[in-house]
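To start, the structure itself, in structure tokens.
The values are calculated or read from the model by the stated rules, or taken from the named source; none is laboratory data. Here the structure is a predicted model, which is why all the values come from computation and not from measurement. FYI the Cβ positions are ideal-geometry reconstructions off the backbone, even for glycines, and counts take in every protein chain you see. Quick note on the areas: whole protein, heavy atoms, side chains included, nothing else; ligands and nucleic acids left out. Shrake-Rupley method; radii C 1.70, N 1.55, O 1.52, S 1.80 Å.
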Amino acid sequence: MKKFVFILVVIIGLVALSVFLPKQNENYEYLRLHIRANSNLSVDQNVKYEIRNELVKFLTPYFSELKSKEQAIEMVNNLTPTLERVCDEILLNNGFSYKSNVKINNEYFPTRTYANTTLESGYYDAVIIELGEAQGDNWWCVMYPPLCFVNKNEESMQINFKSKIVEWFDNLFD
């Protein structure tokens, strides 16, 4: 009976804490990459994927060593002119007269699953790459932690989330 009362008190306490503590932005530690095609014409969509492939290849060495989202944002800010140049060269080589624009913005994303990790819908900081008018279908992934910059077969693809409450509760009965 004492165990039951103790567990009930703990549960009520946890519920009360979750109601009264200020909510943190759970999306804070993610930085997404969002490439917006000029239009939905197949040529614009194809060049979007070509740009995606080149950017992932270009950015992989940079993002593999980062330890925080702040470092990722700083890296992107430092690389913005180079990223635009990479995109613009691909556009030019494919016969397009429009250019790219790279910016960082906080935008809404729908729920998306990457391997065993699901990111709920909500607002996320993102590197936005607009191609031309940016009116076409888009492509996105997570730059930090690097879910689109790792080999999907590598173990580093696995992200483990921890809950201090669950750890505390597990330790309570050990």
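Karplus-derived 3J(HN,Hα) values for segment 99-114, using 6.51 cos²θ - 1.76 cosθ + 1.60 with θ = phi - 60°, are 10, 9, 9, 10, 8, 10, 8, 9, 9, 7, 10, x, 4, 8, 10, 10 Hz; glycine and proline are entered as x. Protection proxy ranking of 69-75, 122-128, 107-113, by the mean of other Cβ atoms within 10 Å over each peptide's residues and highest first, is 122-128, 69-75, 107-113.
Skip the ligands, DNA and RNA, and give the accessible area per residue of segment 28-114 with a 1.4 Å probe, whole Å².
Counting only protein heavy atoms, the per-residue value for segment 28-114 is 54 Å².
Sorted on the mean count of surrounding Cβ atoms within 10 Å across their residues, most packed first, peptides 44-51, 55-62 read 44-51, 55-62.
How large, in percent, is the carbon and sulfur part of the accessible surface of segment 35-118 at a probe radius of 1.4 Å? Carbon with sulfur: 48 percent of the solvent-accessible area. Label-to-label distance, residue 64 versus residue 92, with points set 7 angstrom from Cα along the beta-carbon direction: 2.9 nm.
Of the cross-linked pairs 48/99; 67/103; 69/103, those separated by over 19 Å at the C-alpha level are 67/103. Calculated FRET efficiency, residue 84 and residue 137, Cβ-Cβ r, R0 25 Å, to nearest 0.05? Here the calculated transfer efficiency is 0.75.
The simple Förster model, with R0 at 45 Å and r as the Cβ-Cβ distance, assigns residue 113 and residue 1 a FRET efficiency of 0.55.
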